[in-house]
Amino acid sequence: MIGTLRAVVLDAPDARRLAAFYRALAGWTELYAEDDFIALDAGGGWRVAVQNSPDHVAPRWPDPAYPQQAHLDLRVPDLAAGAAKAIALGATPLREHEHWHTLADPAGHPFDLCLSPAEPSLMAVVLDCPDARSLSAFYAELLGEDGARPVLFQQVADYRAPRWPDPAYPQQFHLDVTVDDVEAAEAAVLKLGATSLNAGGDGWRVYADSAGKPFCLCWD
């Protein structure tokens, strides 16, 4: 394990609106807000954040030319009621299945409401990729998660990688990973197959994983 999952971060043209949607839909609470970044406590150890992306190009799932890149799975005890609530809050229905409903949030990000007797909660983040086995191995080394906050991998035949920061190939989502020693962590992720994107700031650096998805190594 190189680091621990700090947050799942969604891009949006209006971070405050999208954060308000998930607070109302799932009961998440605001941890802190900055000018262009809002962090939410999603329960169960999950943190979901929304960052402003003024040039955001929304996914158009299932159109492969405008890929989702990732999506959230949320547990609900009643699919019809959960979907009706989401739609009333501004979501768009995309597809219905016996055990899950797919909708798009107000920023266009698809998410699944999954039928479960458990209390409503965030179940997993799912990353699209060209090779699920390869990318899962990468993140197993990076995060070493114990299953409490599952990161899942969905193999897609016509995968189109992000090219951050090119707005024509948007990242849509990224993961923030907390590390103790960024120099050691950087060496380790590069050895795993990550690429430095030569960007960062005070307490964070940006990389692309082996499928081209950006992630940040963060330290306090």
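The values are calculated or read from the model by the stated rules, or taken from the named source; none is laboratory data. These figures come from a predicted structure and were not determined experimentally. Every residue, glycine among them, receives a Cβ derived from its backbone with ideal geometry; neighbour counts consider all protein chains shown. Calculation scope for accessible area: heavy atoms of the full protein, side chains included, ligands and nucleic acids excluded. Shrake-Rupley method; radii C 1.70, N 1.55, O 1.52, S 1.80 Å.
When restricted to residues that are hydrophobic (A, V, I, L, M, F, W, C), open to solvent by less than 60 Å² (accessible area, probe 1.4 Å) and either in a strand (DSSP E or B) or in contact with a Gly (Cβ under 7 Å, 6 or more places away or on another chain) (or both), the stretch 54-105 contains 7.
Note on the stretch 146-162: among residues that are at pLDDT below 95 and either under 14 Å from residue 215 (Cβ atoms) or of a type in the set (Gly, Ala, Ser) (or both), the one that is surrounded by the most Cβ atoms within 10 Å (Cβ to Cβ) is 148. Close contacts from the stretch 52-78, counting a first residue that is farther than 21 Å from residue 209 by Cβ and charged (D, E, K, R) and a second that is open to solvent by 60 Å² or more (accessible area, probe 1.4 Å) and assigned to a loop (DSSP other than H, G, I, E, B), with Cβ to Cβ under 7 Å and a gap of 6+ residues or different chains, come to 55/167; 60/66; 75/120. Can you work out which of the residues in the stretch 110-136 that are touching a helix residue (DSSP H, G or I) at 6+ places or on another chain (Cβ under 8 Å) and part of a strand (DSSP E or B) is most open to solvent (accessible area, probe 1.4 Å)? The extreme case among them is 115.
The set of residues in the stretch 41-57 being over 13 Å from residue 6 (Cβ atoms) and under 14 Å from the mean Cα position of the chain (by Cα) consists of 50, 51.
For residues in the stretch 110-137 being farther than 12 Å from residue 74 by Cβ and touching a Pro at 6+ places or on another chain (Cβ under 9 Å), which is modelled with the highest pLDDT? Filtering first and then ranking leaves 128. Being more than 30 Å from residue 217 (Cβ to Cβ) and modelled with pLDDT of 95 or more, is that true of even one residue in the stretch 166-173? No, because not a single residue in the stretch 166-173 is more than 30 Å from residue 217 (Cβ to Cβ) and modelled with pLDDT of 95 or more.
Pairing residues of the stretch 154-176 that are outside any strand (DSSP E or B) with residues that are among the aromatic types (Phe, Trp, Tyr), at Cβ distances under 6 Å and at least 6 apart in sequence or on separate chains, gives 162/169; 163/169; 171/164.
Take the residues in the stretch 163-206 that are closer than 20 Å to residue 126 by Cβ and in contact with a Pro (Cβ under 8 Å, 6 or more places away or on another chain), then tell me which one is most open to solvent (accessible area, probe 1.4 Å). Filtering first and then ranking leaves 164.
Of the candidates 178, 195, the single residue that is touching a Gly at 6+ places or on another chain (Cβ under 6 Å) and at pLDDT 95 or above is 178.
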